[in-house]
Amino acid sequence: MSPAPIISVKRLVKKFGPITAVDDISFDVEEGTIFGFLGPNGAGKTTTINVLCTLQGPTSGWAFVAGHDCMMEPASVRKAIGIVFQDTTLDKDLTAYENLAFHAYLYSVPKAEIRPRSEDALRFVGLYERKDDLVKKFSGGMKRRLEVARGLIHRPRVLFLDEPTLGLDPQSRANLWEYIIRLPERHNVTVFMTTHYMEEAEVCERIAIIDHGKLIAEGSPEELKKTVGGDVVYLKTKDNEKAKAEIKRLFEIEAQERDGELYLTVQRGDTYIPLLISGLAGTVLSVRQERPTLNDVFLKFTGKAIRDVEETEAGTIKEEVRAYRRRH
Amino acid sequence: MEFNAVYVIVLREFKKFVRERSRLISTLARPLFWLFLVGGGLSRLVRPEGVSYTQFIFPGILGLTVLFSSMFSSISIIWDKEFGFMKEILVAPVSRFSIVVGKALSGTVVSLIQAVAVLLFFPFLGLKLGVPEILAVILLCGLVSFCISAFGIVLATFYESYESFTVIMNFIIMPMFFLSGAMYPVKLLPGPLKLAAKANPLTYGVDALKHILTPVRTGPMSPDFPLSLDLAVIAGLSIGFVVLGARFFERKT
């Protein structure tokens with residue numbers, strides 16, 4: 001009998017006037033795991049987090065965190081959660097230590113515990129030596145680490161991270177992931193993360209893919225990648241049409257064409273490649289293999305690559321929501 | 001109400017204020033300029049009986065100090081909103097009421113520091129004040145600061161961006177100063193201006209200070225309202241603004 005999920009969302013809908021940002025989504029998150037919400041910008045990730053953090057109420061549906069209803073018992077939810085927002089919410093004119101202490105007071109951490117917990121948190125994210133420096137002097141990566149440390153001070157049961165590595169350079173990102181991975185075991189906390197970076201979603205134990213406010217797929221990264229069906233082998237040949245027919249004849253596989261390359265999905269790419277090369281008898285110009293990625297999963301379910309979506313429509317949805325909120 | 005939240009909100013404001021030493025000096029410049037440059041000049045022109053013009057405007061200048069300091073402190077809420085720190089406060093398990101009281105108190109602390117600094121110039125004006133009077137003035141300045149801070153908070157809930165700041169400066173703060181009995185008595189104002197002055201919370205604060213600081217009890221330069229009225233208005237408005245502020249905070253965020 002598995003324990004109750006620490007986060008439970010049922011038929012959640014959130015509308016901003018005519019715009020439906022979140023469209024009837026349901027999912028559960030198991031305690032002590034790292035859960036990721038993957039989707040392009042404007043997919044509804046931030047809106048979902050806002051509802052779970054009690055910053056906004058749902059239009060319909062339910063959201064439960066740590067056993068409390070986000071709409072009916074917001075104060076109880078807030079005590080049990082920590083949040084790192086997309087934009088910095090630190091006070092730049094206070095020191096790192098002061099930011100943590102401020103948070104501790106706000107969350108009614110017992111006075112005697114404030115200093116030890118703040119110092120431990122600073123040590124955990126490697127900022128102890130800078131504890132008396134003003135935050136305005138910190139780099140983006142340092143600020144983000146400090147915010148993660150701050151989110152843990154009051155020992156929440158869930159830590160929400162909204163696009164935690166957005167805007168960070170690759171080194172800071174890798175650095176931050178190292179801390180995020182250790183969170184459940186070191187701090188007894190469940191991590192709920194939103195991201196549009198696939199590599200980041202790979203870090204999660206379970207992910208839910210969201211697009212246009214709808215939940216597209218859910219499962220562990222491995223499970224989802226398996227649904228794509230296997231490895232993808234890419235071929236460039238002297239005559240793609242002929243090669244396609246040959247492949248159909250020899251292996252009974254439908255190869256597809258994109259950008260001048262043929263590609264086909266097989267279970268064991270590494271064993272298939274020699275067969276293809278010999279089967280196509282010297283017409284193969286180049287061959288490469290790719291293991292399935294989450295982008296392939298996204299592609300399969302939505303017909304688009306995550307990056308393509310970002311460049312076109314998603315941005316406008318976000319802007320529409322922002323404009324609506326500014327007016328009302 | 002969460003006292004630890006109120007405490008830390010005040011502490012934060014205090015620390016940041018004390019850190020900006022240059023700001024401290026420049027905020028003192030304004031009242032002192034008004035007192036000695038404007039007051040000094042006008043005192044040649046305006047020679048009422050029993051009180052020098054600079055002595056007359058002293059309560060008003062204390063009011064000016066408190067007005068600017070309290071309003072600026074409350075308007076920093078707009079800063080916080082724009083730079084994201086407000087989100088950290090809003091997402092915490094703290095009631096809006098505590099946040100508003102905390103902000104109002106932090107404005108009070110900062111204003112009091114400045115008011116006391118200006119108050120210490122009284123010997124230069126030929127005023128003789130004993131300890132009881134000084135304590136009374138400090139207490140009054142505290143009450144008025146709280147009232148104006150709370151007013152500023154209510155105002156701040158309507159604004160989202162920092163650009164609105166200059167609007168507030170010109171259309172609200174300056175009229176509040178000029179129509180408070182600071183530079184000229186309310187009783188001598190023409191009809192519409194007198195009405196506006198009576199609707200201004202600062203008027204009652206300045207008037208209460210006049211009861212303690214102004215050497216004359218009768219005549220045009222004397223206080224415009226009874227002290228009991230002044231105190232009642234300030235106290236009542238303080239409570240009203242805090243309640244309104246908490247309500248508007250709730251709705252807007």
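Here, each number is a calculation from the coordinates, and none is a lab measurement. This structure is a prediction, so every number in the text was calculated from the model and none was measured. Here the Cβ positions follow ideal geometry from the backbone for every residue, glycine too, while neighbour counts run over all protein chains shown.
Table for the structure above
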{"read-out": "Tilt relative to chain A, helix A:269-279 - C-alpha long axis, 0 to 90 degrees, to 10", "value": "20 degrees"}
{"read-out": "Projected label distance in nm at A:A245 and A:D169, using a 7 Å step from Cα toward the beta-carbon", "value": "5.5 nm"}
{"read-out": "Among B:L195, B:G142, B:V131 - extreme Cα towards positive end, dipole of chain B, charges at beta-carbon", "value": "B:V131"}
{"read-out": "The protein assembly as shown - Kirkwood radius from inverse mean 1/r over Cα pairs (Å)", "value": "27.9 Å"}
{"read-out": "Spatially close lysines, pair count over the range B:99-241: Cα under 24 Å, gap of eight or more or interchain", "value": "5"}
{"read-out": "Nearest 10 degrees, 0 to 90: helix B:21-32 Cα axis against chain B principal axis", "value": "30 degrees"}
{"read-out": "Viscosity 1.567 mPa s, temperature 4 °C, Stokes-Einstein D of the range B:29-70 from Kirkwood C-alpha radius, µm²/s", "value": "124 µm²/s"}
{"read-out": "Pairwise FRET efficiency - A:S108 versus B:F121, Cβ, R0 = 45 Å, nearest 0.05", "value": "0.55"}
{"read-out": "Ranked list, fewest to most other Cβ atoms within 10 Å of each Cβ, for A:V287, B:V91", "value": "A:V287, B:V91"}
{"read-out": "HN-Hα J in Hz across the range A:38-47 - Karplus 6.51, -1.76, 1.60, θ = phi - 60°, x for Gly and Pro", "value": "9, x, x, 4, x, 6, x, 5, 5, 4"}
{"read-out": "Bridge type composition, the protein assembly as shown - antiparallel percent by DSSP, nearest 5", "value": "65 percent"}
{"read-out": "The range B:142-147 - phi-based ³J(HN,Hα) in whole Hz, Karplus 6.51/-1.76/1.60, Gly and Pro as x", "value": "x, 4, 5, 4, 4, 4"}
{"read-out": "Value of [θ]222 nm, deg cm²/dmol, for the protein assembly as shown, DSSP H segments ≥ 4, -39500 (n - 2.57) each, nearest 500", "value": "-16500 deg cm²/dmol"}
{"read-out": "Above-threshold pairs, the threshold being 30 Å between Cα atoms, out of A:K225/B:K81; A:K15/A:K79; A:K79/A:K143", "value": "A:K225/B:K81"}
{"read-out": "Which listed pairs, of A:K92/A:K131; A:K10/B:K87; B:K15/B:K87; A:K45/A:K131, have C-alpha distances above 23 Å, in listed order", "value": "A:K10/B:K87; A:K45/A:K131"}
{"read-out": "Share of Cα-Cα pairs in chain B lying beyond 22 Å, as whole percent", "value": "53 percent"}
{"read-out": "Residue order, fewest to most beta carbons within 10 Å, for A:D24, A:D211", "value": "A:D24, A:D211"}
